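The structure appears right after this line, and notes come after that.
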Amino acid sequence: MSDSPAGWHPDPRGRHEHRYWDGTQWTDHVADAGVMATDPVAEVTPVAAPIGPSMVNLPAISPGALSGSSPAPAEPAATTPEPAAGSGAGPLWAGDEPAAEPQPEPQPQPGPEPEPEREPAAEPQPTAVQEEPPVGAGTGADRGPVAGGERSPDLAALLSVVAPGSGHIYLGRMTGIAYGLLGATLLAVVLSYFSFLLFIVGLLIWAGAAAYALIDLRGGLAGLREARLTTHLVGWILVAGGAAMIVGLLLPWYHVSVHVSSSVAGVDASQSQNFSGFKVLSVIDIIVLVVGLASVVAGLAALGKGPISSDELPPAMPAIIAGAALLVAVLTFFRLFVDPVPSFGSLGSAGTVDVSVGRGPGALLTAAAAIAVLVASASAVTASRHSPSVATA
């Protein structure tokens, strides 16, 4: 009886490059050039087990190419049907492979009886990377946020930047810290509404709350920079972020308060008014609108929905969306620090005119949406550059 460990080894039948050995017998699972299929071993004369010493320099298939926790592979590429339009698989997320139909658990085939004192080796288990597959490992229609139904810590980190405290609640941490961070976020938005000085105070409150939330959840900004989100999450973030950009243009970007005081004319009056993004922006609103619409379309394509399928979009679409979102973030933050109207101050003996300009929720929502779309698109670009492949000799 061979002491060879379980794994992929050259097919002793000679019909395929590799066949899976479970530690006691050969199974039906074979692979050629990284494409996996089944070929029943029981249909031919039983073959010999691999000899331990000869396996030292044999090529092996990397765990990332097996796409799952069991050795049961997907159907060969030659017999796999092309993805239907709108299925979510295509050049939008470079590195994605067509989703395979679920395969039944492999049943043991007749073979040499195992020795009484020895138990069969356990089937290969997924690595830590496979527990949270990258974007290129499948489509958004066939899996949730992470393997095993767990929630994505990368999405929690992103939520902690957009709205500190929401990442904790997403992970189920309904604690006083989570609600305190959400309260700080709301306070920052309210303060920003009244004046530029209070906007700066609110910005500092938000930055402090976001930093604390990231450290508490992931240990710093590394979790956000190295975020690897699934296709499903990327699609939903693009749809939600693009829609938020469009809605943000309809909401107030500035809250302007004017106070006029004149002892000569006997006037002491105040007036305030809100200005939406479409009212105060000239070209920036068009850029935000176009990027928002493109993000929604790309997100729906990644989810296998909408009027355009992912195979109809250019392969560089994630990089294009990421660059456009970065542009929107820069332009929005620029307008957050620039008042749309001047402050007149003193009018001499005639009196004074005080103008106070606060930042409305529309500008803050647009900035947060641009950050979310940027991180999600960058995650898709990063995943496409690190797609798994079959190891060669």
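Here are the numbers for this structure:
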{"quantity": "Every residue from region 253-310 that is outside any helix (DSSP H, G or I), under 16 Å from Val328 (Cβ atoms) and among the aliphatic types (A, V, I, L, M)", "calculated": "Leu281, Val283"}
{"quantity": "Residue count, region 329-375 (criterion: in contact with a Pro (Cβ under 7 Å, 6 or more places away or on another chain) and either modelled with pLDDT of 90 or more or not β-branched (Val, Ile, Thr) (or both))", "calculated": "3"}
{"quantity": "Residues of region 237-287 satisfying the condition of being more than 32 Å from the chain's Cα centre (by Cα), in contact (Cβ under 8 Å) with a residue 40 or more places away in the chain and within 23 Å of Phe196 (Cα to Cα)", "calculated": "His255, Val256, Ser257, Val258, His259, Val260, Ser261, Asn274, Phe275, Val280"}
{"quantity": "Residue ID - surrounded by the most Cβ atoms within 10 Å (Cβ to Cβ), chosen from residues in region 171-207 that are among the small types (Gly, Ala, Ser) and farther than 19 Å from His255 by Cα", "calculated": "Ala178"}
{"quantity": "Pick from region 251-272, criterion at pLDDT 85 or above and more than 15 Å from Asp354 (Cα to Cα), ranking: surrounded by the fewest Cβ atoms within 10 Å (Cβ to Cβ)", "calculated": "Leu251"}
{"quantity": "Candidates Leu198, Leu187, Leu203, filtered to the one that is under 30 Å from Gln273 (Cβ atoms), of a type in the set (A, V, I, L, M, F, W, C), out of contact with any Gly (no Cβ under 8 Å at 6 or more places or on another chain) and part of a helix (DSSP H, G or I)", "calculated": "Leu203"}
{"quantity": "The one condition in (1) open to solvent by 20 Å² or more (accessible area, probe 1.4 Å); (2) hydrophobic (A, V, I, L, M, F, W, C); (3) outside any loop (DSSP other than H, G, I, E, B) that Met245 fails to fulfil", "calculated": "(1)"}
{"quantity": "Tabulated pairs, region 318-341, first open to solvent by less than 60 Å² (accessible area, probe 1.4 Å), second basic (Lys, Arg), C-beta under 8 angstrom, 6+ apart or interchain", "calculated": "Leu336/Arg359"}
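The values are calculated or read from the model by the stated rules, or taken from the named source; none is laboratory data. Keep in mind that this is a model prediction, so the values were computed, not measured. Cβ coordinates were reconstructed from backbone atoms using ideal geometry, including for glycine residues, and neighbour counts include every protein chain displayed. In case anyone asks, the SASA skips ligands and DNA or RNA and just uses the protein heavy atoms, side chains included. Shrake-Rupley method; radii C 1.70, N 1.55, O 1.52, S 1.80 Å.
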